[in-house]
Amino acid sequence: MGHPKTYHIAWLPGDGIGREVTIEALRVMTRVAVPYGFEVSYQEHKAGGTAIDHFDTPLPDQTLKACLSADAVLLGALGGPRWDHCEGEKRPEAGLLRLRKEMGVFANLRPVSVPESLAGASPLRREIVAGTDLMIVRELTGGIYFGEPKGRISTEEGSEAFNTMRYSEFEIERIARVAFDWARRRRGKVTSVDKANVLDVSRLWREVVTRLHADEFSDLHLEHLYVDNAAMQLVRRPSDFDVVVTGNLFGDILSDLAATLPGSLGMLPSASLGGRVGLFEPVHGSAPDIAGEGKANPIAAILSGAMLLEHLGEARAAAAIRQAVDAALDEGFRTPDTWQAGLRKTTTDEMGLRIAELAERQTAVLI
């Protein structure tokens, strides 16, 4: 019998609760790997605020090199109030933007689903969120976060700051293609979000998406929404959406809005793809106010681990993890962010351990 395949993961725990939640994702991936004939190895590297403290930069060269040579990157949350005094390229968020750019991960995938067990935890009525299962495809390496010129100048009226929203046909077409490809695997509907009534860049966005749809994906349903209307419809009729595609700024805002549908940011994973190596991270922040208290929800990180394994070709192991998460929720396991009376309040590591146990058990069914 040959040696099992080993996947090498660059682990960037980051700041705040990043370490607590990602260590649970690694626990679950490691436990579920063996029955499926592969192994997971990981090496820790600093990024974000902790890297600033140690190396005076949010993305040390050795961290970037490790990420580019790994099979995948698992990232915790970066930043926090402790580093708010940092400016420009020294900010933790600047390190994250550079990491995405250097890795070439132009497509950010954020699945948002509301399982029946969590419908009651949503801030919206159960009948509105029930059945929600959507995928937000956010362009990640262009738009206003990277457009030039940008900066600050002094004028007679005082300081003035400016950023530039730019998109090329190439950038729009490649992210739209990702969205259409996902719609073919899902329910066949794409909602493209822009601000074409005001912005020239959005008018180009709409033209390119419409042309690509007509030329290559006419079997799918395409609709266009202005971003303000899209925000309203996401909370009015979330179950009507399938795949949502949009630019960097709008995607940042809409994906966090959609993340509230299950009642907690701690439930939602993400994958950033497009380069040779994929980047996987929970969508929530570093939450320094609860760091080290065992209150953080590890499910977003664990489901990010499932997306990581699926991207590496281990779809059955990923399915076992997702089913284990559902089973733990069905058993009533809850961290404080989604706890309700009558359910079992657990700590971060208790939730991770239970999901790992259920994932191992699930493999007997799926193999």
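A short reminder: the numbers here are calculations on the coordinates, not readings from a lab. Because the structure is predicted, anything quoted here is derived from the model rather than measured. All Cβ positions, even for glycine, are placed from backbone atoms using ideal geometry, and neighbour counts span all protein chains on display.
Which value in nm describes the separation of the simple spin-label points at residue 343 and residue 361, placed 7 Å from the Cα toward the beta carbon?
1.9 nm
On a full-extension model of 0.36 nm per residue, what is the gain between residue 253 and residue 316, subtracting their alpha-carbon distance, rounded to one decimal in nm?
Once the chain is fully extended between residue 253 and residue 316, it gains 19.5 nm.
Longer than 32 Å from Cα to Cα, which of 5/101; 46/150; 195/345; 90/295 are they? Say none if no pair is.
195/345
Classify the range 87-167: rounded, prolate or oblate, from the alpha-carbon gyration tensor (a ≥ b ≥ c, eigenvalue square roots; a/c under 1.5 rounded; otherwise prolate if a/b is larger than b/c)?
Since a/c reaches 1.5 and a/b is larger than b/c, the shape of the range 87-167 is classed as prolate.
If packing is taken as the mean number of other Cβ atoms within 10 Å per residue, what is the order of 217-230, 306-319, highest first? Before the final figure, lay out the partial values.
Values: 217-230: 16.1, 306-319: 20.8.
Packing proxy ranking, top to bottom: 306-319, 217-230.
I need 360, 24 ordered by Cβ neighbour count within 10 Å, fewest first. Let's see the in-between values first.
Details: 360 16, 24 25.
Ranked by crowding around the Cβ, least crowded first: 360, 24.
Applying a 10 Å radius around every beta-carbon, put 33-46, 233-246, 10-23 in order of their mean neighbour count, most first.
Output ranking for 33-46, 233-246, 10-23: 10-23, 233-246, 33-46.
What span do the alpha-carbon atoms of the range 270-367 cover on each of the three principal axes, reported in whole Å from largest to smallest?
Principal extents (Cα only, largest first): 42, 35, 18 Å.
Pairs of Cα atoms under 8 Å, at least six residues apart: use those to get the relative contact order of the range 171-286, whole percent.
It comes to 26 percent, rounded to a whole number.
The range 297-350 to the range 271-296: how many Å between their Cα centroids?
So the separation of the two Cα centres works out to 14 Å.
Using 7 Å Cα-to-Cβ label points, what is the residue 5/residue 98 separation (nm, one decimal)?
Distance between the two pseudo-spin positions: 3.3 nm.
What is the gain in length, in nm to one decimal, between residue 198 and residue 156 on full extension, counting 0.36 nm per residue of separation less the C-alpha to C-alpha distance? Walk me through the numbers before you get to the answer.
Details: separation 42, 0.36 × 42 = 15.12 nm, distance 2.87 nm.
Here the answer is 12.3 nm.
Count charges around residue 292 for me, please; just the other residues with Cβ under 13 Å from its Cβ, Lys/Arg as +1, Asp/Glu as -1.
-3
Multiplying the sequence separation of residue 65 and residue 168 by 0.36 nm and subtracting their Cα-Cα distance, what value in nm do you get?
Once the chain is fully extended between residue 65 and residue 168, it gains 34.2 nm.
Over the Cα atoms of the range 133-260, what Rg and Dmax result, in angstrom?
Final numbers for Rg and Dmax: 15.7, 56 Å.
Given the C-alpha centroids of the range 234-249 and the range 183-204, what is the distance between them in whole angstrom?
10 Å
Please report the antiparallel percentage of DSSP beta bridges with both residues in the chain, rounded to the nearest 5.
Around 35 percent of the beta bridges assigned by DSSP in the chain are antiparallel ones.
Which whole-number percent is the relative contact order of the chain (Cα, under 8 Å, 6+ apart)? Each step should come with its number before you reach the end.
Values: 802 pairs, mean separation 84.5, N = 367.
So the answer I get is 23 percent.
For the chain, what ratio Rg/Rh do Cα atoms give with a Kirkwood hydrodynamic radius? Don't jump to the answer; show the numbers that get you there.
On the way: Rg = 20.5 Å, Rh = 21.2 Å.
Answer for the chain: 0.97.
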